[in-house]
Amino acid sequence: MNALFRAVPAATLFMLATLPGWLFAAAPPAGGAHDYRDKNFDYFVAGDPAAPRAAQPYFTLALMGGGGSVDAAFVALARGAGQGHLVILRAVGDDSFDPDAGNYGRSFRAEWGPVASAETLVFHNRQASYDARVLATLGHADGIFLAGGDQANYIRYWKGTPVQLALNEHVRANRPLGGSSAGLAILGRCSYTALDGGSLESKVALPDPFSDAVTLESDFLRLCFLGDVITDSHFSQRSRLGRLIVFVARLDGQRGDLKVLGVGIDERSALLIDGRGIGRLAAGSAGNAWVIRATRTPQVLRAGAPLSADDVQVTRIGPASAVEFREGRVSRPADQTSAVIRVGVPAADPLLDPRILRTVVPSDEP
């Protein structure tokens with residue numbers, strides 16, 4: 001059993017099992033809410049959490065690659081929330097958080113909504129995930145946004161707590177949710193956790209897919225349409241195709257099938273998923289989204305040995321493309337190719353961004 005769950009007392013587990021009914025019945029904070037700091041979390045608010053929303057919320061998932069905002073994605077979240085109450089979640093391991101750095105609450109109110117209120121919760125530890133004020137804030141959220149930072153903190157602070165259940169319940173209630181960078185990294189049923197304290201590079205993952213640095217979580221969030229998905233951010237800019245291929249290979253091997261989709265999002269880009277499970281690139285995205293899928297079991301996938309695989313399907317999602325998450329396929333792809341992974345052997349394929357290609361199949365040349 002996961003160590004995080006072993007640490008939860010039996011009485012708390014019972015509370016978690018019966019949580020959704022009373023959590024979402026919690027009364028919203030009273031009007032006149034104001035910023036405050038607690039030893040376990042900080043709270044910042046823009047607008048009035050008690051004000052009525054303009055319309056009924058509806059389902060939207062916004063997958064954002066980080067490295068800058070995509071206005072259309074934030075507008076989609078605000079509209080999906082019925083221009084009501086947005087809750088922004090962040091996590092830090094110390095007291096260095098600056099509320100004005102990446103002030104999404106202010107931007108939601110002034111630029112992307114407008115929304116009735118935007119509340120930011122900054123978690124400092126796991127204890128915050130049991131605080132009644134935190135749970136009441138999540139309970140009345142019309143939309144939730146998971147900001148960037150360190151996804152390891154999200155796993156440590158939220159897994160096995162009422163916050164994990166609240167996020168899953170939020171989406172089951174057909175309310176919108178989005179994440180950027182670290183927030184994107186945990187949106188799939190499977191996720192790269194970075195629990196080793198590093199940021200895994202493709203050149204480390206490919207030579208040994210079972211390296212201690214390849215830290216994968218397979219059951220954190222259960223979001224609609226993302227049950228067979230693992231996501232990755234800053235995709236082209238940080239040459240992450242190689243590591244995403246490793247993630248897909250590892251997870252396919254665990255499950256015994258070839259159904260896992262790797263979804264990579266470039267910086268200043270976003271993929272929006274609607275209530276039918278159709279994902280499209282957000283207008284104004286500076287880059288692309290990418291879908292990775294293995295069509296054949298790898299020839300070599302074992303500890304201490306470089307990954308060797310044929311027919312890894314790499315699909316670039318452009319403005320005209322649609323990702324059909326129910327069926328796991330892409331219509332009208334911008335580009336599509338079958339990559340051959342042989343670590344140490346140079347290769348060339350015009351369909352792949354050369355910045356990515358050099359990492360997927362690194363040459364022995366200096």
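The values are calculated or read from the model by the stated rules, or taken from the named source; none is laboratory data. These figures come from a predicted structure and were not determined experimentally. Positions of Cβ are backbone-derived with ideal geometry, glycine not excepted, and every protein chain shown enters the neighbour counts. Areas reflect the complete protein model, heavy atoms only, side chains present, ligands, DNA and RNA absent. Shrake-Rupley method; radii C 1.70, N 1.55, O 1.52, S 1.80 Å.
Listed by position, the helices (runs of 4 or more DSSP H) contained in region 149-215 that have at least 3 residues being open to solvent by 30 Å² or more (accessible area, probe 1.4 Å) are 162-172.
The residues of region 265-298 that are open to solvent by less than 10 Å² (accessible area, probe 1.4 Å), assigned to a strand (DSSP E or B) and out of contact with any Gly (no Cβ under 8 Å at 6 or more places or on another chain) amount to a single one, 279. Among the residues making up region 136-148, those that are open to solvent by less than 10 Å² (accessible area, probe 1.4 Å) and in a loop (DSSP other than H, G, I, E, B) are 141, 142, 147.
Determine, yes or no, whether residue 105 is assigned to a loop (DSSP other than H, G, I, E, B), under 20 Å from the mean Cα position of the chain (by Cα) and within 20 Å of residue 176 (Cβ to Cβ).
So residue 105 does not fit the description; no.
Return the residue satisfying two criteria in turn: it lies in region 299-316 and is part of a strand (DSSP E or B) and open to solvent by less than 40 Å² (accessible area, probe 1.4 Å), and of such residues it is nearest to residue 330 (Cα to Cα). Steps first, answer last, please.
Within region 299-316, the first condition is being part of a strand (DSSP E or B), and the residues that meet it are 300, 308-316.
Narrowing further to those that are open to solvent by less than 40 Å² (accessible area, probe 1.4 Å): 300, 308-310, 312, 314-315.
Numbers: 300: 27, 308: 25, 309: 22, 310: 20, 312: 15, 314: 11, 315: 8 Å.
For region 299-316, the residue satisfying everything is 315.
Taking residue 131, is it of a type in the set (D, E, K, R) and at pLDDT below 95? Here the answer is no, as residue 131 does not meet what is asked.
Being over 24 Å from residue 289 (Cα atoms) and within 14 Å of the chain's Cα centre (by Cα) is true of residue 155.
In region 108-128, the qualifying residues are those that are among the hydrophobic types (A, V, I, L, M, F, W, C), in a helix (DSSP H, G or I) and out of contact with any Gly (no Cβ under 9 Å at 6 or more places or on another chain), and the one that is modelled with the lowest pLDDT is 110.
Scoring residue 196 on the criteria (1) among the charged types (D, E, K, R); (2) in contact with an Asp or Glu (Cβ under 8 Å, 6 or more places away or on another chain); (3) modelled with pLDDT of 90 or more leaves a single failure, condition (3). For region 52-86, a residue qualifies if it is aromatic (Phe, Trp, Tyr) and buried (at least 18 other Cβ atoms within 10 Å of the Cβ), and the qualifying residues are 59, 74. Going through (1) out of contact with any Asp or Glu (no Cβ under 6 Å at 6 or more places or on another chain); (2) over 19 Å from residue 188 (Cβ atoms) one by one, residue 340 falls short only on (1).
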